[in-house]
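Some notes on the structure that comes next.
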Amino acid sequence: MKILITGVAGFVGSNLAERLLELGHKIVGIDNLSYGERRNIEKFKTVENFEFINGDVCNPMLLKDIKVDLIVHLASQKIPRYSNSLRTLEENNIMLKNVIQKCKQDKIRVLFSSTSDVYGKNPQVPFHEESNLVLGPTDVKRWAYATSKIYSEHLIIANHEEYDLPYTIVRFFGSYGENQNLTWWGGPQSGFITKAYNNEAISIHGDGKQTRTFTYVQDTVQALVLCIEKERAVNQVYNIASEPDEEVTILDLAKKIWFLVRNEEEPKLEFIPYETFGKYEDVIRRVPDISKIKRELGYKPQYNLTDGLKRTIDWQLKLIG
């Protein structure tokens, strides 16, 4: 297949591109390099089946003359923790509308990257694909990201109903690993590794008892490849995650990373009140149900949290050291 990946120089995009090229697919990658890194795609420069376009998917003319069999739409603005929510809402909407228009015009499928954040404050874990999506009040900008993704999912499915747009929607649960962004954008594990390496106190939001279920990037890529190659994935929504028993508190994640980086030294931790971010809410537990993707596509996570973190730490310390 010839596949377009938006956000190709980003964390998931670059790892997915590498795997798809190994499988013999042709890749057209788009990235404006605002969050992606050229180093993530440097190894593809001489690969015949890879073409890179430095551009912004918000530009509707960018996709005009590209001919592919599938668009994997990964480019996205994230939770506006340190920025305003308007950019998150507007850019995610504009990019997706341009992608949908292209897919309808060329009669091709869109594989859209949503997020586990859409489950929001739903207390009934684990989250399955039919779980209720429960968000907080609209004056808490933390929910702008989830809102943009929920709207995107609705927009895709509505276009399927109205125009027969083929789609697959995936909801990521905390991917981490090689090529991750080294700022807060890359997730807590990214910042924790750097802090531990520098022997600096790891910042914990709130009391650190909130839980997450993290997914090593090669498991994320495995699931995405199944969604791309298997016909059963068409017009479906899937959670992409590790096993639910990998749930970990943010506090325990920080301690685990500290010990993996600095051996038996006592961890240095600092607790940051949520009030620091203004009016802010967090998700108490985020646990996936992955029975659907396992049953329908044969997905099976290969990495537990410790193994994935060891590989990630090795990569990150080489990069920053």
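Where a number appears in this text, it was derived from the coordinates with a stated rule and is not lab data. The structure displayed is predicted, hence computed values, not measured ones. Glycine also receives a Cβ, built like all others from the backbone with ideal geometry; neighbour counts cover every protein chain displayed.
Quick one: in the range 133-162, of everything that is over 25 Å from Ile100 (Cα atoms) and part of a loop (DSSP other than H, G, I, E, B), which residue is nearest to the chain's Cα centre (by Cα)?
Taking the range 133-162 and keeping what is over 25 Å from Ile100 (Cα atoms), we get 134-142.
Okay, now just the ones that are also part of a loop (DSSP other than H, G, I, E, B), so 135-140.
On the way: Leu135: 19, Gly136: 21, Pro137: 24, Thr138: 23, Asp139: 25, Val140: 22 Å.
Selected residue: Leu135.
Within the range 31-51, how many residues are crowded, with 19+ Cβ neighbours inside 10 Å and either of a type in the set (Asp, Glu) or more than 17 Å from the chain's Cα centre (by Cα) (or both)?
Of the range 31-51, the ones crowded, with 19+ Cβ neighbours inside 10 Å are 31, 36, 40-41, 44, 50.
Next, only the ones that are either of a type in the set (Asp, Glu) or more than 17 Å from the chain's Cα centre (by Cα) (or both) stay: 31, 41, 44, 50.
Qualifying residue count for the region: 4.
At negative phi, in contact with a helix residue (DSSP H, G or I) (Cβ under 9 Å, 6 or more places away or on another chain), of a type outside the set (A, V, I, L, M, F, W, C) and buried (at least 16 other Cβ atoms within 10 Å of the Cβ): does that describe Arg81? Break it down into steps so the answer makes sense when it comes.
Details: at negative phi: yes; in contact with a helix residue (DSSP H, G or I) (Cβ under 9 Å, 6 or more places away or on another chain): yes; of a type outside the set (A, V, I, L, M, F, W, C): yes; buried (at least 16 other Cβ atoms within 10 Å of the Cβ): no.
Against the criterion (at negative phi, in contact with a helix residue (DSSP H, G or I) (Cβ under 9 Å, 6 or more places away or on another chain), of a type outside the set (A, V, I, L, M, F, W, C) and buried (at least 16 other Cβ atoms within 10 Å of the Cβ)), Arg81 does not qualify.
Looking only at the range 254-281, how many residues end up being among the charged types (D, E, K, R) and surrounded by 14 or more Cβ atoms within 10 Å (Cβ to Cβ)?
Applying the first criterion (among the charged types (D, E, K, R)) to the range 254-281 yields 255-256, 262, 264-266, 268, 270, 275, 279, 281.
Among the residues that remain, those that are also surrounded by 14 or more Cβ atoms within 10 Å (Cβ to Cβ) are: 255-256, 262, 268, 281.
Total meeting the criteria: 5.
Can you name every residue in the range 157-173 that is in contact with a helix residue (DSSP H, G or I) (Cβ under 7 Å, 6 or more places away or on another chain) and either farther than 18 Å from Val72 by Cα or of a type in the set (Val, Ile, Thr) (or both)?
If the condition is that a residue be in contact with a helix residue (DSSP H, G or I) (Cβ under 7 Å, 6 or more places away or on another chain) and either farther than 18 Å from Val72 by Cα or of a type in the set (Val, Ile, Thr) (or both), then Tyr163, Thr168, Ile169, Val170 are the ones that fit.
Which pairs turn up if I take residues in the range 121-147 that are at negative phi and look for partners that are among the small types (Gly, Ala, Ser) and part of a loop (DSSP other than H, G, I, E, B) with beta carbon separation below 7 Å, at least 6 apart in sequence or on another chain?
Partner pairs satisfying both residue conditions: Lys121/Gly136; Asn122/Ser131; Gln124/Ser131; Trp143/Gly136.
Every residue, every condition in (1) buried (at least 18 other Cβ atoms within 10 Å of the Cβ); (2) not β-branched (Val, Ile, Thr), yes or no:
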site: Pro126; (1), (2): yes, yes
site: Asp139; (1), (2): no, yes
site: Tyr163; (1), (2): no, yes
site: Thr168; (1), (2): yes, no
site: Asn198; (1), (2): no, yes
site: Gln210; (1), (2): no, yes
